[in-house]
1. So how far apart, in nm, are the two label points at K239 and D75 if each is 7 Å from Cα heading toward Cβ?
2. Report the FRET efficiency, 1/(1 + (r/R0)^6), for E181 and D438, where r is their Cβ-Cβ distance and R0 is 35 Å, rounded to 0.05.
3. Let me spell out the model: positive unit charges on the Cβ of Lys and Arg, negative unit charges on the Cβ of Asp and Glu, origin at the Cα centre of region 84-145. What dipole size does that give, in debye rounded to 20?
4. Given labels modelled 7 Å from the Cα in the Cβ direction, how far is it in nm from D382 to E191?
5. Using the alpha-carbon centroid of each, what span in Å lies between region 1-42 and region 280-337?
6. Tell me, in nm to one decimal, what length is gained between L167 and T297 on full extension, where the rule is 0.36 nm per residue of separation less the Cα-Cα distance?
7. Which entries of K29/K62; K162/K239; K120/K175 have Cα-Cα distances beyond 31 Å here?
8. Round to the nearest 0.05 the FRET efficiency obtained for L4 and E333 when R0 = 56 Å and r is the Cβ-Cβ distance.
Amino acid sequence: MSNLLPNLEAYWMPYSGNRYFKKNPRMYKEASGMFYTTSTDQQVLDGASGLWCCNTGHCHPKIVEAVQKQAETLDYATAFQLGHPTIFEMADKLVNMAPDGMTHVFFSNSGSEAVDTALKIALAYHRARGEGHRTRLIGREKGYHGVGFGGISVGGMSPNRKMFGALLPAVDHLKHTHNLEHNAFSVGQPEWGGHLADELSDILALHDPSTVAAVILEPIAGSAGVLIPPVGYLDRIRKICDEHGILLIMDEVITGFGRTGASFGTKRFGVQPDLMTIAKGLTNGAVPMSAVGTTGTIYDALMEGPPGMIELFHGYTYSAHPLACAAALATLELYENERLFDRAAELAPYWEDAVHSLKDGKNVIDIRNIGLVAGIELAPRDGATAARGYDCFVRCFEEGLMIRQSGDTAALAPPLIIEKTEIDRIIEILRNVINGLD
């Protein structure tokens, strides 16, 4: 690839300051293992797994080989009334890796599509059981569930919502659990805050629980700045849902595939979902793909009518795309063969000590961690929320480290192949950058 840049104007970049970027571009041209290479040949250590997705590192030879081989033999096949062997093999492996009770998977192409799919399945399930009056959905403040209309509606990040009007009706939100007064610098799960789950009972009393179809939560609110659930919080949410026949959807798009030190966040926290959304680490980011896992109870409830009839009128042109299936199967095999979930759990204590060593950094007001994920929250500048966080992101990049910025929080989620020396390098760069910010 030439170091000469193309015309940048035609591309409307997502979640980006387009005007500023096009005057100050930051461009990658290659990636391998733990590192990106920029258009100016700078090596950048990936502290964010791309966008929470490249858990096995970049351009893993096994994934590259699987995608290349698939492209040479079957480039595309519709999933409507037809199939190909790789998808069935991969689905079986995924179900065996998933939390207990997840017996079936429905495939889509992004976390956003997976969320909207899960919401639709929840509504369809209740209708199939003669409870079509269950139409209300409950999300949480600071929750992120993608950018489809369903996901934005149940999500609770105000910048994602404010430009798009009323969105879906019959949606309510739990309060978030982020509380610096009680939980700042908690190591792992905060001890304070489990009682906040009881607000769900208050919301149900307001709306009548018989009208509620599902509650959707992230095990860890990743895009909001790595908000770790308080001890007992998720268990209490599960119990309240069970008491009222409400489905619990766990959004594992970020927390899936080893990020928490377990295969999935729900396994780490010991909470059984009815539906779960996954993406990102499913294919290591190599080819877009996502999935919704469901219990056998939900699947069986929708298997109605004559055998040849479509049971669920939902799907996508690229559902179960052959290249995505090949990438996913290779990725799942890597997780097993290279013991990457165990590796994440083994590295977690070293990671924990390393990130909390930044506690005395300039303007650091909180550090949150679990598994191989962390958030370092900086005090906002007066009248300029997120400005200090953005400067941290840019300066880290200039120093050879990619982080994820969420407001004034530096979010970290490195590939599971990271070495201790690379953890040390991440912390060294962050310390120097943070202490150099005004």
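Any read-out appearing in this document is the output of simple, stated calculations on the displayed coordinates, not a laboratory observation. Computed from a predicted model, the values in this text were never measured in an experiment. Because the Cβ atoms are built from the backbone with ideal geometry, glycine has one as well, and the counts that use them run over all protein chains shown.
1. It works out to 5.6 nm between the two label points.
2. Working: r = 26 Å, r/R0 = 0.74.
Calculated transfer efficiency: 0.85.
3. Working: 8 positive and 7 negative charges, 74 e Å.
Here region 84-145 has a charge dipole of around 360 debye.
4. If labels sit at D382 and E191, their model points lie 3.6 nm apart.
5. So the two Cα centres are separated by 32 Å.
6. On the way: separation 130, 0.36 × 130 = 46.80 nm, distance 3.00 nm.
So the chain would gain 43.8 nm between L167 and T297.
7. Numbers: K29/K62 21 Å; K162/K239 33 Å; K120/K175 24 Å.
Listed pairs above 31 Å: K162/K239.
8. 0.90
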